[in-house]
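A.B. asks: The structure under discussion is supplied below as structure tokens; questions concerning it will follow.
Every read-out reported here was derived from the displayed coordinates using simple, explicitly stated rules and does not represent laboratory data. Predicted model, so just to flag it, every value in this text is computed and none were measured. Heads up, the Cβs are rebuilt from the backbone with ideal geometry, glycines too, and the neighbour counts pull from every protein chain shown.
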Amino acid sequence: VNRDGCQRLDLSGNARNCFLTGNPDSYRNFIGKGLRCLLDVPNTEVYGNTQHGSGRFCSQSSQPLGEKIQSLQISSVGQLPHHFPAWNIQFIRSFHTSPSLQAAPVPLFWIIVKPAQKLFAIILGRSIRKWWKALPPNKRELFKESARRNKWKILLGVSSLGVVFVMFYFTHLEETPITGRARLMVFGKEHFRELSQMEYDMWMELFKSQMLPETHAGYQVVETIIGHLSESNKDIPQVSALKWVIHVVDEPAVNAFVLPNGQVFVFTGLLDAVSDIHQLSFILGHEIAHAVLEHAAEKASLVHFLDFLSLLFLTMIWAICPRDSLAVVGQWIQSKLQEFMFDRPYSRTLEAEADKVGLQFAAKACVDVRASSVFWQQMELAEAIEGQPKLPEWLSTHPSHENRAEHLDRLIPEALKIRESCNCPSLSGPDPRLIFRLNMQRLLELAEGREAPNSTKQDPSKPKLDFPHP
């Protein structure tokens, strides 16, 4: 730790960390036997540095980290093996950095009231339709004539309702911490304290038999990284205000999330999926960013606002559609339009923002931020080897692995400047992105060499590997 509190994270040693286990000399066995070592990166070490310097991004700290991490290949039995377990990719599914309940939490009262609101809108719309059908033809004509005479009053009433919604929206805008992005915030932190505690109790009950003890190597690695990230970014009030409590769950899912109250949950599947401490530091920085930026309250506010708007459309659908069956179809279409036009794109925006801020957190902690994009390239490769279908990004609440890696590559130069402003030690060794690309190119060349003699005969039972050339 220097005089301005910049934590030091550097590389040492020459040991090889492999994304998937295997002898690096056995690339010829790639087809039919699995992926071999993709990354040749040195082991990492967190340590205190006595050099002095200053930087406007650096936090003020006087306590050294005081612990060293020798490796991140953490097994479920508490050891630190030299390689990951063979073919860990069977556990690597789509990496979601938020649990389903955290994606759109709402205050408990609105959770209960929401179904009743929809039911009321359906009943109201259906009652209007029944009333209209029961009217005699002459009364219908009188009603239409009255509506034509008072069309300006009707238009004024509808416009006034629209103005109310617009005023509500703009009077509840605020700036996002750190990024300064304008956002709608209907609910504040106080609305989520009880809900966060309820969600925490639920996860603890679900994973109570799978929690790793504090003496476990995996727990200690996560604890060290979280402490290092929070200490390096304690100049940010939202970071220092939260008490970070760590829970490591013995679960093969590649997942991690942080509740709004600072409860950190990391699954051992994620520890198996990362290649080094830098990748894990970035992922945990991303999760901390979600909590610091209050994305849970922001997403809940948007959902709450859109739900009120959707009630008007829901009433109109049930009033206009001539039959209940058509109204049900119209309601389904309306819900899907809201989901794919607003909910999912907004979730992807929040994920991209958490990537940006999480990368800044990692840079201030002197992490090798270049490793962040490599993680998502590894995830994309693992899914391709497993033969998982590649869904369009617009169907997901998260950016695709490919777009996520490209977005991080664009952010890395700025993150390196932040790292330099904290007088972090220079990054030694080759760029991990270059190492990954060179190994991928070698794998492609070997795969093409194996496929060339059998180009006229393709086994349909084996998935075709179609990786883009770097």
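A.B. asks: What does the extension gain come out to for Lys114 and Met202, with contour length at 0.36 nm per residue minus their alpha carbon separation?
C.D. replies: Using 0.36 nm per residue and subtracting the Cα-Cα distance, I get 29.5 nm.
A.B. asks: Let me ask another. Note the full-extension length gain between Leu124 and Tyr169 as 0.36 nm times their separation in residues minus their Cα-Cα distance, in nm to one decimal.
C.D. replies: 13.6 nm
A.B. asks: For Phe342 and Ser160, what does the FRET efficiency come to when R0 = 30 Å and r is the distance between their Cβ atoms, rounded to the nearest 0.05?
C.D. replies: My answer for the efficiency is 0.80.
A.B. asks: Just to be sure I follow: if Rg is taken over the C-alpha atoms of segment 189-447 and Rh is the Kirkwood radius over the same atoms, what is Rg/Rh?
C.D. replies: 1.03
A.B. asks: Continuing with the same structure: Excluding same-chain residues fewer than 8 positions from Lys356, which aspartates and glutamates have a Cα within less than 13 Å of its Cα?
C.D. replies: Qualifying aspartates and glutamates at Cα under 13 Å: Glu287, Glu406, Asp409, Glu414.
A.B. asks: List, in order, the whole-Hz ³J(HN,Hα) value for each residue of segment 274-286 obtained from phi through the Karplus relation with A = 6.51, B = -1.76, C = 1.60 and θ = phi - 60°; use x for Gly and Pro.
C.D. replies: Values, residue by residue: 6, 9, 7, 5, 5, 4, 5, 4, 5, 4, 5, x, 4 Hz.
A.B. asks: Moving on. With r as the distance between the Cβ atoms of Glu386 and Glu414 and R0 = 35 Å, compute the FRET efficiency 1/(1 + (r/R0)^6) and round to 0.05.
C.D. replies: 0.55
A.B. asks: Right, here's the next one. Evaluate E = 1/(1 + (r/R0)^6) for Leu326 and Leu395, where r is the Cβ-Cβ distance and R0 equals 22 Å; express this FRET efficiency to the nearest 0.05.
C.D. replies: For Leu326 and Leu395, the calculated efficiency is 0.25.
A.B. asks: Can I ask one more? Around Gln263, which amide H atoms from residues at least 5 apart in sequence, or from another chain, sit under 5 Å from its own amide H, with H modelled in the peptide plane?
C.D. replies: Under 5 Å from the amide H of Gln263: Val245.
A.B. asks: Across the Cα atoms of segment 230-339, what radius of gyration and what greatest pairwise Cα-Cα distance (Dmax) are found, in Å?
C.D. replies: Considering segment 230-339 through its Cα atoms, Rg and Dmax are 20.9, 62 Å.
A.B. asks: Evaluate the Kirkwood expression for the hydrodynamic radius of segment 155-207, namely the inverse of the mean inverse distance over all pairs of different C-alpha atoms, and round to one decimal in Å.
C.D. replies: One over the average 1/r among Cα pairs gives 14.1 Å for segment 155-207.
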